[in-house]
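Remarks on the structure that follows.
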Amino acid sequence: MSDNKIQIFDTTLRDGEQVPGCKLNANQKVIIAKQLDILGVDVIEAGFPVSSPGDFKSVEAIAKIIQNATVCGLTRAVENDIKVAAEALKYARKPRIHTGIGTSDSHIKYKFNSNKEAIIQRAFDAVKFAKTFVEDVEFYAEDAGRTDNEYLARVCEAAIKAGATVLNIPDTTGYCLPSEYGAKMKYLKENVKGIEKAILSCHCHNDLGLATANSIEGVINGARQIECTINGIGERAGNTALEEVVMILKQHPYLNLDTNINTQYLYGISQLVSDSMGIYTQPNKAIVGANAFAHSSGIHQDGVIKNRATYEIIDPKDVGVTESAIVLTARSGRAALAYRAKNIGYELTKLQLDDVYINFLNFADHKKEINDDDIHQIIETSKVYNEIISA
């Protein structure tokens with residue numbers, strides 16, 4: 001793999017589906033998985049096979065149909081989990097087992113009632129056992145964000161010795177600051193023996209709104225895989241948003257980091273996931289929100305009409321959006337009104353526009369948003385209507 005290529009590991013169908021009330025059936029999962037493959041993701045985490053017969057069948061069905069991406073199944077560091085995942089993945093062209101265990105003091109003490117040495121042994125044994133089924137084994141150190149770096153390095157070394165090809169360093173609780181998460185990746189890159197044999201992976205949660213920032217800081221400091229979901233859906237406050245990290249890397253070429261994602265499919269798959277899961281995507285969501293390329297301020301509208309780049313750093317077409325939206329509200333100016341009027345067939349002179357604009361403001365003060373029908377009514381009730389239509 002090129003050193004500047006960032007693998008995109010999509011976990012919409014596993015971590016994303018953990019959102020309460022967003023259970024997908026097998027057919028919906030297969031449809032989304034096909035679109036993820038077309039989108040260009042490198043890895044599709046299809047589910048947690050041992051968790052239910054339905055999840056097993058979904059992972060198996062996805063493994064059969066995916067042509068390009070690696071298909072991954074999640075397990076705990078439990079032999080039966082690993083056996084079941086291997087069975088579900090047996091039809092995959094490129095299978096990966098994702099196994100691991102909690103490594104923070106909190107997890108070791110309260111979740112496992114264990115000790116650090118025993119956890120290292122369990123990590124080693126789990127990876128070793130998974131390796132008997134597939135060549136590609138990813139190890140996750142759950143709650144790595146709150147795990148002491150020196151101990152985390154020891155766990156990673158054990159996983160590499162057992163054959164891990166990817167080391168997932170999750171900020172499971174979304175606790176880390178970007179500087180802390182980046183420093184953690186840098187420490188592992190510099191201190192784990194055999195690190196050249198494995199890819200470091202970012203898996204960040206959004207509890208403090210830092211998932212995207214942490215993932216970007218992670219790859220700047222040596223990670224070469226980002227684990228993310230469409231629309232940033234996932235447990236609690238969600239995961240790193242795929243569309244955000246992909247477009248950040250694309251819009252900042254000086255980072256010299258790139259992905260295999262065909263960004264023109266981003267908006268479409270965002271809508272597919274939102275509709276399938278019944279999750280309303282917030283209008284101001286970066287990249288794929290309904291307002292991501294909408295402008296209602298008069299100052300902004302004037303700038304965008306003159307040159308899109310004045311207020312847009314991304315061409316809407318790059319992410320599959322047809323065009324920017326000029327939304328007419330009481331905050332809009334003459335330029336926006338003239339632009340929208342022209343789109344529906346009215347070429348207004350400056351004097352005509354001044355008159356129509358007065359009428360427009362009266363409408364706009366009583367309605368949140370002015371649509372095309374309103375524009376017709378505004379012009380038809382203006383003093384210069386006859387002059388406009390006779391031109």
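The values are calculated or read from the model by the stated rules, or taken from the named source; none is laboratory data. Predicted model only: the values in this text are computed from it and were never measured. With ideal geometry, Cβ positions are generated from the backbone for all residues, glycine too; neighbour counts draw on all protein chains shown. Surface accessibility is based on the protein's heavy atoms, side chains included, excluding ligands, DNA and RNA. Shrake-Rupley method; radii C 1.70, N 1.55, O 1.52, S 1.80 Å.
Being open to solvent by less than 20 Å² (accessible area, probe 1.4 Å) and closer than 26 Å to Thr173 by Cβ narrows it down to one of Leu266, Leu328, Leu249, so name that one.
Checking each option against the conditions leaves just Leu249.
Please go through the stretch 1-42 and pick out each residue that is part of a loop (DSSP other than H, G, I, E, B) and modelled with pLDDT under 95.
Correct list: Met1, Ser2, Asp3, Asn4, Asp15, Val19, Pro20, Gly21, Cys22, Lys23, Leu24, Asn25.
Among the residues of the stretch 117-150, which ones are touching a Lys or Arg at 6+ places or on another chain (Cβ under 8 Å) and farther than 21 Å from Leu89 by Cβ?
Ile120, Phe124, Ala144, Gly145, Asn149
When the stretch 1-55 is examined, which residues are found to be of a type in the set (Lys, Arg) and either within 22 Å of Ala85 (Cβ to Cβ) or crowded, with 16+ Cβ neighbours inside 10 Å (or both)?
Of the residues in the stretch 1-55, the ones of a type in the set (Lys, Arg) are 5, 14, 23, 29, 34.
Arg14, Lys23, Lys29, Lys34 - these are the residues of the stretch 1-55 that are of a type in the set (Lys, Arg) and either within 22 Å of Ala85 (Cβ to Cβ) or crowded, with 16+ Cβ neighbours inside 10 Å (or both).
Every residue, every condition in (1) open to solvent by 20 Å² or more (accessible area, probe 1.4 Å); (2) within 20 Å of Ile8 (Cβ to Cβ), yes or no:
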position	(1), (2)
Glu157	yes, no
Ala164	no, yes
Glu235	yes, yes
Val245	no, yes
Leu255	yes, yes
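Of the residues that make up the stretch 57-72, is at least one open to solvent by 60 Å² or more (accessible area, probe 1.4 Å) and assigned to a loop (DSSP other than H, G, I, E, B)?
yes
Would a scan of the stretch 308-326 turn up a residue that is touching a Leu at 6+ places or on another chain (Cβ under 9 Å) and part of a helix (DSSP H, G or I)?
The answer is yes; a qualifying residue exists.
Going residue by residue through the stretch 279-297, is there one that turns out to be in a helix (DSSP H, G or I) and either open to solvent by 30 Å² or more (accessible area, probe 1.4 Å) or farther than 30 Å from Glu17 by Cα (or both)? Let's see the steps before the verdict.
Step one: list which residues in the stretch 279-297 are in a helix (DSSP H, G or I), which gives none.
No, there is no match, as no residue in the stretch 279-297 is in a helix (DSSP H, G or I) and either open to solvent by 30 Å² or more (accessible area, probe 1.4 Å) or farther than 30 Å from Glu17 by Cα (or both).
What residue, of Glu190, Glu217, is open to solvent by 40 Å² or more (accessible area, probe 1.4 Å), within 29 Å of Asp125 (Cβ to Cβ), touching a Gly at 6+ places or on another chain (Cβ under 9 Å) and not in a loop (DSSP other than H, G, I, E, B)?
Glu190
Out of the residues in the stretch 168-187 that are part of a strand (DSSP E or B) and in contact with a Leu (Cβ under 9 Å, 6 or more places away or on another chain), state the one that is nearest to His205 (Cα to Cα).
Per the criteria, the residue is Asp171.
Specify which of the listed residues (Ser332, Ser382, Ser390) is at pLDDT below 90 and polar (S, T, N, Q).
When all the criteria are applied, what remains is Ser390.
Select from the stretch 97-107 the residues that are assigned to a strand (DSSP E or B) and not aliphatic (A, V, I, L, M) and write down the one among them that is surrounded by the most Cβ atoms within 10 Å (Cβ to Cβ).
The qualifying residue surrounded by the most Cβ atoms within 10 Å (Cβ to Cβ) is Thr99.
List pairs: first in the stretch 83-96 and closer than 8 Å to Glu60 by Cα and open to solvent by less than 40 Å² (accessible area, probe 1.4 Å), second not in a loop (DSSP other than H, G, I, E, B) and not aliphatic (A, V, I, L, M), Cβ under 7 Å, 6+ apart or cross-chain?
Close Cβ pairs satisfying both conditions: Ala88/Pro49; Ala88/Phe56; Ala88/Glu60; Ala88/Gly73; Leu89/Gly73; Leu89/Pro95.
Report yes if Asp55 is free of Cβ contacts under 8 Å to residues at least 12 places away in the same chain and of a type in the set (Asp, Glu), otherwise no. Quick ask: steps written out before the conclusion?
On the way: free of Cβ contacts under 8 Å to residues at least 12 places away in the same chain: yes; of a type in the set (Asp, Glu): yes.
It is true that Asp55 is free of Cβ contacts under 8 Å to residues at least 12 places away in the same chain and of a type in the set (Asp, Glu).
In the list Glu235, Glu227, Glu243, which residue meets the criterion of being in contact with a Leu (Cβ under 6 Å, 6 or more places away or on another chain) and closer than 26 Å to Val319 by Cβ?
Glu243
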